[in-house]
Amino acid sequence: MNASTRPENFSIRVYVPEGSLGVGIPSEEIGYALARRPHAISLDAGSTDSGAAYLAQGMSKNDRGSVKKDLELLMAAQQEAHIPILIGTAGQAGGDKNVDWTRDIVLEIAEEKGYLLKVALLYSEQSPALVKQKLSAGRISNLPPLGDLTDAQIDSCLHIVALMGPEPYFAALDAGADVIIGGRTSDPAVIAAFPLWKGAPPGLCWHAGKVAECGGQCTTANTGQRGVLLEIHAEGFDVEPVDPSFQATVNSISGHLLYENKNPWILTEPGGELDVRGCEYVQLTDSKVRVTGSRWNPKPYTMKLEGASGNLFQTIMLVGIADPDCQQSRNSPGMRGCPSRNSSPAVT
């Protein structure tokens, strides 16, 4: 299906099971999700929040056993529903080693369970020679507050990745992949990929992808360890939690554009910008919100570069917080939780 052949009453449902592969999926949520008959399972598996060491070393922050447990649940769901799984920024950082690490887990599960799968691998690492060629040609610009990139900085990197848009996922879906393991990918792109491939309006797809990038964090669950269901249709897109004990609200959905974004109205992605200034958010039910008015403005195609060098270090911050109410009521009857003013702050 594409825009020219899309029926007026189309509906595309994407299940986003969690905010990061390996943080844990309640098994009962899988049943809730499959009962709503999703067309695809899409999720992010990484972040730069924990620093560059995971790209430099080609390792994942999330434990292998935890990632395998989540994949066992998702791959069983894939086998039952016969729908594709799309994974972005595999192995925390999306480098080639991180992709291969995730691949090995998927193949291990497939062998143990007897699954016959078509697995697609999308690599995003860039060679230093190519990056320096682009730099010399004036094709790389800095992202403030960083200064201009230099050849020496490029040569110091152990790994360099470019954030993919949805297009590599289109190719994998065209090839009939059951599981797609993507390298470094824009968080919304991996979720927007399936409905975009199906020809849904880009503004709706990108906005839905941004809202659901952290799974249930955009609901009253307020955690990436819960899932959401997206339904993209002619009127807009709907968001609801998979677990019926939680709710999507107008505030929780509209506010997610503030998350990890410098502009609450505009989101820059590969190939364009999402504009939500004309959006309307409606509380359809106690648990479901409908969004309309999302616009996509095409722009020259750009991809963010991330590199990690071998000079590994970790920053530890020691923070103490003084509670003025604590000192005032420290000697009051029943107050047992306040330390004295001279005690040291706890460090975890």
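Mind checking which residues of region 295-324 are assigned to a loop (DSSP other than H, G, I, E, B), among the hydroxyl-bearing types (Ser, Thr, Tyr) and open to solvent by less than 100 Å² (accessible area, probe 1.4 Å)? Before you say what the answer is, go through the steps one by one.
Initially, region 295-324 is screened for residues assigned to a loop (DSSP other than H, G, I, E, B), giving 299-304, 310-323.
Going one step further and asking which of them are among the hydroxyl-bearing types (Ser, Thr, Tyr), we end up with 301-302, 315.
Within region 295-324, just THR302 meets the criteria.
For SER252, indicate whether it is surrounded by fewer than 22 Cβ atoms within 10 Å (Cβ to Cβ) and either within 19 Å of GLY46 (Cβ to Cβ) or at pLDDT below 95 (or both).
No, not satisfied.
Examine region 94-116 for a residue that is at pLDDT below 95, under 30 Å from ILE316 (Cβ atoms) and touching a Phe, Trp or Tyr at 6+ places or on another chain (Cβ under 8 Å), and state whether such a residue exists. It would help to see each step written out before you state the result.
Let us first name the residues in region 94-116 that are at pLDDT below 95, namely none.
No; the residues of region 94-116 include none that is at pLDDT below 95, under 30 Å from ILE316 (Cβ atoms) and touching a Phe, Trp or Tyr at 6+ places or on another chain (Cβ under 8 Å).
I need the full set of residues from region 119-151 which are of a type in the set (Ser, Thr, Tyr) and surrounded by fewer than 11 Cβ atoms within 10 Å (Cβ to Cβ), in order please.
Let us first name the residues in region 119-151 that are of a type in the set (Ser, Thr, Tyr), namely 123-124, 127, 136, 141, 150.
Across region 119-151, the qualifying residues are SER127, SER136, SER141.
Is region 279-286 home to any residue that is in contact with a His (Cβ under 9 Å, 6 or more places away or on another chain) and open to solvent by less than 80 Å² (accessible area, probe 1.4 Å)?
The initial filter retains those residues of region 279-286 that are in contact with a His (Cβ under 9 Å, 6 or more places away or on another chain), namely 279.
Right, trim to open to solvent by less than 80 Å² (accessible area, probe 1.4 Å) and you get 279.
Yes - at least one qualifying residue is present in region 279-286.
Take the residues of region 30-65 that are assigned to a helix (DSSP H, G or I) and without any contact (Cβ under 8 Å) to a residue 40 or more places away in the chain: which is surrounded by the most Cβ atoms within 10 Å (Cβ to Cβ)? Explain how you work it out, then say what you get.
Quick first cut of region 30-65, residues assigned to a helix (DSSP H, G or I) only: 30-35, 53-57, 64-65.
Now narrow it down to the ones that are without any contact (Cβ under 8 Å) to a residue 40 or more places away in the chain: 31, 35, 65.
Values: GLY31: 12, ALA35: 9, GLY65: 10.
Only one residue tops the list, namely GLY31.
I'd like to check something: does region 71-82 contain any residue that is among the polar types (S, T, N, Q) and open to solvent by 40 Å² or more (accessible area, probe 1.4 Å)? Give the steps one after another, and end with the answer.
Let us first name the residues in region 71-82 that are among the polar types (S, T, N, Q), namely 78-79.
Now narrow it down to the ones that are open to solvent by 40 Å² or more (accessible area, probe 1.4 Å): 79.
Yes: region 71-82 contains one or more residues that are among the polar types (S, T, N, Q) and open to solvent by 40 Å² or more (accessible area, probe 1.4 Å).
Please specify each residue of region 168-179 satisfying the condition of being open to solvent by 20 Å² or more (accessible area, probe 1.4 Å) and aliphatic (A, V, I, L, M).
Applying the first criterion (open to solvent by 20 Å² or more (accessible area, probe 1.4 Å)) to region 168-179 yields 168, 170-171, 174-176, 178.
Within region 168-179, ALA171, ALA175 qualify.
Could you pull out the residue among GLY203, GLY182, GLY165, GLY209 that is closer than 19 Å to THR302 by Cβ, open to solvent by less than 10 Å² (accessible area, probe 1.4 Å) and more than 17 Å from the chain's Cα centre (by Cα)? Walk me through it before giving the result.
Working: GLY182 fails: more than 17 Å from the chain's Cα centre (by Cα); GLY165 fails: more than 17 Å from the chain's Cα centre (by Cα); GLY209 fails: more than 17 Å from the chain's Cα centre (by Cα).
Just one listed residue meets the conditions, GLY203.
Are there strands (runs of 3 or more DSSP E) fully within region 75-176 with at least 2 residues that are under 29 Å from GLU18 (Cα atoms) and among the small types (Gly, Ala, Ser)? List them. I'd like the intermediate steps shown before the answer.
Values: elements: 85-92, 119-122, 157-162.
Hits in region 75-176: 85-92.
Any residue in region 141-153 that is under 23 Å from PRO300 (Cβ atoms) sitting within a Cβ distance under 8 Å of a residue that is of a type in the set (D, E, K, R) and assigned to a loop (DSSP other than H, G, I, E, B)? List the pairs, counting only those 6 or more apart or interchain.
Note: pairs meeting the criteria are ASN142/ASP148; LEU143/LYS304.
For region 218-254, how many residues are within 18 Å of the chain's Cα centre (by Cα) and either free of Cβ contacts under 8 Å to residues at least 12 places away in the same chain or on the phi > 0 side of the Ramachandran plot (or both)?
Final tally of qualifying residues: 1.
When you scan region 105-117, do you find a residue that is out of contact with any helix residue (DSSP H, G or I) (no Cβ under 9 Å at 6 or more places or on another chain), open to solvent by 60 Å² or more (accessible area, probe 1.4 Å) and under 20 Å from ARG64 (Cα atoms), even just one?
yes
Please determine whether any residue of region 47-54 is at pLDDT 90 or above, over 16 Å from the mean Cα position of the chain (by Cα) and over 21 Å from TYR169 (Cα atoms). Steps first, please.
We begin by selecting, within region 47-54, every residue at pLDDT 90 or above; these are 54.
So of that shortlist, the ones also over 16 Å from the mean Cα position of the chain (by Cα) come out as 54.
This time we only want the ones that are over 21 Å from TYR169 (Cα atoms), so: 54.
Scanning region 47-54, I find at least one residue that is at pLDDT 90 or above, over 16 Å from the mean Cα position of the chain (by Cα) and over 21 Å from TYR169 (Cα atoms), so the answer is yes.
The values are calculated or read from the model by the stated rules, or taken from the named source; none is laboratory data. Owing to the predicted nature of the structure, the values given are computational and were not obtained by experimental measurement. Ideal geometry is used to build each Cβ from the backbone, glycine not excepted, and the neighbour counts take in all protein chains shown. Protein only, heavy atoms only, side chains kept; ligands, DNA and RNA dropped before computing areas. Shrake-Rupley method; radii C 1.70, N 1.55, O 1.52, S 1.80 Å.
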